[in-house]
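Visitor: Please find one structure pasted underneath; my questions will follow.
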Amino acid sequence: MSNSLLEDARKQLDKALEHIEISDDSRERLSMPKSTIITRIPVRMDDGTLKVFQGFRVRFDDSRGPTKGGIRFHPGVTLDEVQSLAFWMTFKCAVLDLPYGGGKGGVTVNPKELSKLELERLSRGYINGVADFIGPDVDIPAPDVYTNSMIMGWMMDQYNIIRRSVQPAVITGKPLSMGGSRGREAATSLGAFFVMRTLLPKMGFKKPEKTRIAIQGFGNAGSILALQLYEAGYKVVAVSDSKGGIYDPKGLDIPVIKKQKEDTQKLQTLYCDMSVCHIDEYQSIDNAQLLELDVDILVPSALENQITEKNAYNIKAKALFEVANGPVDFAGDTILESRGIPVVPDILTNAGGVTVSYFEWVQNRSGLYWTEEDVNERLEQRMVREAGNIWQLASEKKLPLRTAAYVHALSRISESMDARGTKNYYQKRDAD
Ligand code: GLU
């Protein structure tokens with residue numbers, strides 16, 4: 001992998017550009033983020049000392065609408081990472097035909113080391129730093145790794161205090177009582193579930209009970225997806241979290257595991273210390289072992305760069321579904337492609353979260369709130385439609401699924417860019 005995550009991500013775009021004609025103007029615009037803000041966030045800690053954290057917000061491209069994307073709290077957050085995540089959001093929103101561009105935010109912090117009050121001060125401090133950069137028609141944040149509805153609620157409240165008005169549409173993924181949408185919590189995994197249910201039979205996995213699945217990451221997306229797959233009759237044989245994982249070739253009892261993790265979570269206020277690897281009925285494995293298990297389907301749902309040139313040759317799964325953003329780097333992807341292992345890309349698989357965020361924003365702006373059935377039905381329609389479109393494009397043009405997804409998104413993005421006038425347009429006018 002190259003040193004920069006953004007450079008690595010752009011290689012995916014360059015590969016897609018070989019298969020679609022777009023204007024030079026569009027290429028130029030997509031090469032770097034539109035704008036970036038870096039903010040220092042002073043936080044009074046419970047012991048009276050002051051700590052200053054670094055926060056970022058990036059708006060990659062807004063040709064299709066206001067920028068949209070989550071805010072991540074993680075010790076590994078860097079500007080390069082946030083820029084790459086904003087880049088992916090641009091394509092993800094276009095794949096799902098949402099009227100948004102791509103954005104992302106983050107704070108370099110280990111939130112598990114903060115008390116709840118410190119976390120609240122940090123969340124409000126972040127908004128103090130970026131308030132002039134976001135807004136319901138400008139840039140709309142949401143949850144991401146280690147942020148949740150409670151944090152989104154604090155952030156929306158802080159934005160409203162600054163603006164002296166109530167603007168729920170500035171942030172999505174809020175608590176229901178503050179204008180959140182029904183179905184948002186489970187949306188990322190439900191979206192992934194719809195994509196898997198649509199594409200697995202096309203890949204030859206026609207019988208759920210014979211399809212063995214390993215899931216890396218037991219956070220919001222991974223744990224709910226494990227349950228949805230289990231309930232639909234699939235055989236989830238391995239799961240893991242940041243501390244390690246468990247494996248049983250006969251299949252895991254996901255409801256029990258999920259409950260065990262949640263019960264312990266109640267003792268903690270916001271983050272869970274209990275790890276799935278403490279569940280001793282099953283064989284313990286580490287994260288590296290999980291990725292290399294002999295399974296049918298591998299679902300990386302944790303962080304970036306899990307499958308690289310170091311382990312891509314050892315992957316035994318027959319197909320991958322990326323629920324995390326960027327879990328397979330460009331070199332890893334190239335190896336999997338050469339080995340004939342299809343990878344259903346993040347910009348399709350995990351797009352259910354931002355799709356229901358869009359529904360939340362629509363509900364906030366119209367003031368009319370939908371039932372959970374309504375939300376899930378609309379989500380299903382979009383996910384199934386776009387999964388089908390990408391599968392068809394990939395089959396027709398003989399492209400890897402990721403490249404097909406980028407081509408599909410690029411045609412929508414470049415159309416919006418060109419509608420504003422391109423070099424060709426002005427040259428043609430001069431000649432008239
Ligand atoms: N953080 C999620 C993602 O990466 C959701 C973004 C959103 O809802 O705006 O897609």
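Visitor: Could you check how many residues of the stretch 164-195 are under 17 Å from the mean Cα position of the chain (by Cα), over 12 Å from A142 (Cβ atoms), among the aliphatic types (A, V, I, L, M) and outside any helix (DSSP H, G or I)?
Guide: Final tally of qualifying residues: 1.
Visitor: Right, here's the next one. Quick one: how many residues across the stretch 214-238 are within 15 Å of P327 (Cβ to Cβ) and in a strand (DSSP E or B)?
Guide: Count: 3.
Visitor: Out of the residues in the stretch 124-163 meeting the condition of being within 19 Å of the chain's Cα centre (by Cα) and among the charged types (D, E, K, R), tell me which one is modelled with the highest pLDDT.
Guide: Checking each candidate, the answer is D139.
Visitor: Among T36, T49, T90, T67, which is polar (S, T, N, Q) and under 22 Å from N148 (Cβ atoms)?
Guide: Going through T36, T49, T90, T67 in turn, just one is polar (S, T, N, Q) and under 22 Å from N148 (Cβ atoms): T67.
Visitor: Going by the conditions given, is Y369 more than 16 Å from the ligand (Cβ to nearest atom) and modelled with pLDDT under 95?
Guide: Taking the combined requirement at face value, the residue does not satisfy it.
Visitor: What number goes with the only condition from (1) more than 27 Å from P201 (Cβ to Cβ); (2) among the charged types (D, E, K, R); (3) more than 15 Å from the chain's Cα centre (by Cα) that R339 does not pass?
Guide: Looking at each condition in turn, R339 falls short on (1).
Visitor: A further question follows. Can you name the residue in the stretch 334-345 that is of a type outside the set (A, V, I, L, M) and away from the ligand (no atom under 16 Å from the Cβ) and, of all such residues, is nearest to A186 (Cα to Cα)?
Guide: Among residues in the stretch 334-345 that are of a type outside the set (A, V, I, L, M) and away from the ligand (no atom under 16 Å from the Cβ), the one nearest to A186 (Cα to Cα) is P342.
Visitor: Any residue in the stretch 153-179 that's closer than 14 Å to F133 by Cα and of a type in the set (V, I, T): show its pairings with residues that are assigned to a loop (DSSP other than H, G, I, E, B) and at pLDDT 95 or above at Cβ separation under 7 Å, as long as the two are six or more apart or on different chains.
Guide: Listed pairs, sorted by first residue: I162/A131; V170/I134; V170/P136; I171/P141; I171/A142.
Visitor: Additional query: Can you find a residue that is buried (at least 22 other Cβ atoms within 10 Å of the Cβ), at pLDDT 90 or above and in contact with a strand residue (DSSP E or B) (Cβ under 7 Å, 6 or more places away or on another chain) anywhere in the stretch 279-293?
Guide: Checking the stretch 279-293: at least one residue is buried (at least 22 other Cβ atoms within 10 Å of the Cβ), at pLDDT 90 or above and in contact with a strand residue (DSSP E or B) (Cβ under 7 Å, 6 or more places away or on another chain).
Visitor: Then there is this: What about F73, is it modelled with pLDDT of 95 or more and either aliphatic (A, V, I, L, M) or farther than 21 Å from A187 by Cβ (or both)?
Guide: No, not satisfied.
Visitor: How about the stretch 300-409: which helices (runs of 4 or more DSSP H) wholly inside it have at least 3 residues that are closer than 30 Å to V166 by Cα?
Guide: Passing ranges, in order: 352-366, 372-397.
Visitor: For D157, state whether it is more than 16 Å from the ligand (Cβ to nearest atom) and under 30 Å from L368 (Cβ atoms).
Guide: yes
Visitor: Any chance the stretch 76-93 includes a residue that's part of a strand (DSSP E or B) and either touching a residue at least 24 places away in the same chain (Cβ under 8 Å) or within 16 Å of the ligand (Cβ to nearest atom) (or both)?
Guide: No - not one qualifying residue is present in the stretch 76-93.
Visitor: Evaluate the following for L348: is it at pLDDT 95 or above, within 16 Å of the ligand (Cβ to nearest atom) and under 17 Å from Q12 (Cβ atoms)?
Guide: yes
Visitor: (1) closer than 30 Å to I307 by Cβ; (2) not in a strand (DSSP E or B): which one isn't true of E21, the others all being true?
Guide: (1)
Visitor: Shifting gears a bit: So V276 clears everything in (1) among the aliphatic types (A, V, I, L, M); (2) at pLDDT below 90; (3) surrounded by 18 or more Cβ atoms within 10 Å (Cβ to Cβ); (4) out of contact with any Phe, Trp or Tyr (no Cβ under 7 Å at 6 or more places or on another chain) except one condition, right? Which one?
Guide: Among (1) among the aliphatic types (A, V, I, L, M); (2) at pLDDT below 90; (3) surrounded by 18 or more Cβ atoms within 10 Å (Cβ to Cβ); (4) out of contact with any Phe, Trp or Tyr (no Cβ under 7 Å at 6 or more places or on another chain), the lone unmet condition for V276 is (4).
Visitor: Taking the residues in the stretch 94-118 that are under 22 Å from the mean Cα position of the chain (by Cα) and more than 16 Å from the ligand (Cβ to nearest atom) as candidates, determine which candidate is nearest to W391 (Cα to Cα).
Guide: T108
Visitor: Restricting the stretch 150-168 to residues that are buried (at least 19 other Cβ atoms within 10 Å of the Cβ) and touching a strand residue (DSSP E or B) at 6+ places or on another chain (Cβ under 9 Å), which is farthest from N220 (Cα to Cα)?
Guide: Checking each candidate, the answer is Y159.
Visitor: I'd like the full set of residues that are assigned to a loop (DSSP other than H, G, I, E, B) and either away from the ligand (no atom under 16 Å from the Cβ) or touching a Leu at 6+ places or on another chain (Cβ under 7 Å) (or both), limited to the stretch 34-74.
Guide: Correct list: K34, M45, D46, D47, G48, T49, S63, G69.
The values are calculated or read from the model by the stated rules, or taken from the named source; none is laboratory data. A quick note: this is a predicted structure, and the numbers were derived from the prediction, not measured. Cβ: placed from backbone, ideal geometry, glycine included. Neighbour counts: every protein chain shown.
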